[in-house]
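So the structure is just underneath, and the comments pick up after that.
The values are calculated or read from the model by the stated rules, or taken from the named source; none is laboratory data. What you see is a predicted model; the values in this text were computed from it and never measured. A quick note on method: Cβ atoms are made from the backbone with ideal geometry, for glycine too, and the neighbour counts reach across all protein chains shown.
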């Protein structure tokens, strides 16, 4: 959104109607903000009243029309608001506090009381399914996605409803009796959105649909189908990157392109684009961090470690833990367990030093388990 | 050094190219400004990765 949406001139008319705050969740400056407003996925968009209370919350990327609709819906109203509007605000506030179980109930009530043409139906459904997935309510999430899909079919909410539902279905236990049917029906719905040329979708959202569909094919043990989709995904991202007007826009696709090349077993294809990004953005830790992953997949461990070193000196915030974990993986594959242990120990020490709001006890416990497992 | 300056310029250009005036990483200033202007706050959360 930073490279493609907030640059759109049509947003200028909203400039004075809101105060605009950008929060880098990796920066220690924002630890207190993150403690007050936990952010489970990025991007999360919030609208707060002047006292700081959440009035609107949306998880996911938005196109310009989706964002302007969200902004129009978030302006303070003096006219009577519907019961569903009130319940949606309550649900968004609960979700913003991390109370996803309670938020689901409020979203469900908002949907139940919604007028036939309520303009916030799609967003409410998307938010409810997201809260269900965070709350591990995978079966209700998949079931409700399937029920809701016909109502949002053809709209901009259809992609998130179908893909979130599909992800929930694939997260169900293999022994769940409804799993196969839910996954098949939601894969069909996701494919229908994917093939609908009338739905305006950001490249990011379309890339997300490729990921959902590839996961579904892998889950169905259809390796050929998954590979075919991964080839189309890589070609789609390459075309989008080639059409980018700025280096920043081009680099937006680096992460997904790397994943597509890894899926296809061709990590070497990522090297030229990542080297280009490294030249374009010398202060950015992402290109060397991604080069480390690509070289590791190529089993070129010396180059992987050199790239990792370049990333570690630049990276900050919780992301440093991911970079260090990759470095430990490289050492393990190289057969240097002592260095892997030292790297994980370093990650634990850093994880414990993060301020509240960024410090994750779950992450620390996971790193400690990993350290204990390296004999 | 030249490369660092170029990166800073690119980053600055990216921020300047935005159609709305974002306050970067300063919640307190955003709240104070919202109270003074009596308008809501739009928050974009993001990460550099």
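Counting residues in the range A:39-51 that are modelled with pLDDT of 95 or more, touching a helix residue (DSSP H, G or I) at 6+ places or on another chain (Cβ under 8 Å), farther than 26 Å from residue A:14 by Cα and not assigned by TED's automatic domain parsing to the domain that holds residue A:359 gives zero. If you go through the range A:27-42 and keep only what is crowded, with 21+ Cβ neighbours inside 10 Å and facing chain B (nearest Cβ under 7 Å), you end up with A:30, A:33, A:39. In the range A:263-285, of all residues being part of a helix (DSSP H, G or I) and out of contact with any helix residue (DSSP H, G or I) (no Cβ under 7 Å at 6 or more places or on another chain), the one that is nearest to the other protein chains (Cβ to nearest Cβ) corresponds to A:279. If the condition is being more than 25 Å from residue A:247 (Cα to Cα) and more than 8 Å from every other protein chain (Cβ to nearest Cβ), then the range A:1-26 contributes only A:13. Of the residues A:116, A:105, the single one that is in a helix (DSSP H, G or I) and more than 20 Å from the chain's Cα centre (by Cα) is A:105.
Scanning the range A:341-375 for residues that are farther than 30 Å from residue A:36 by Cβ and in a loop (DSSP other than H, G, I, E, B) gives A:374, A:375. Of the residues making up the range A:145-156, not a single one is farther than 28 Å from residue A:184 by Cα and without any contact (Cβ under 8 Å) to a residue 12 or more places away in the chain.
When we screen A:216, A:200, A:260 for residues that are more than 18 Å from the chain's Cα centre (by Cα) and either in a helix (DSSP H, G or I) or not assigned by TED's automatic domain parsing to the domain that holds residue A:300 (or both), the only hit is A:200.
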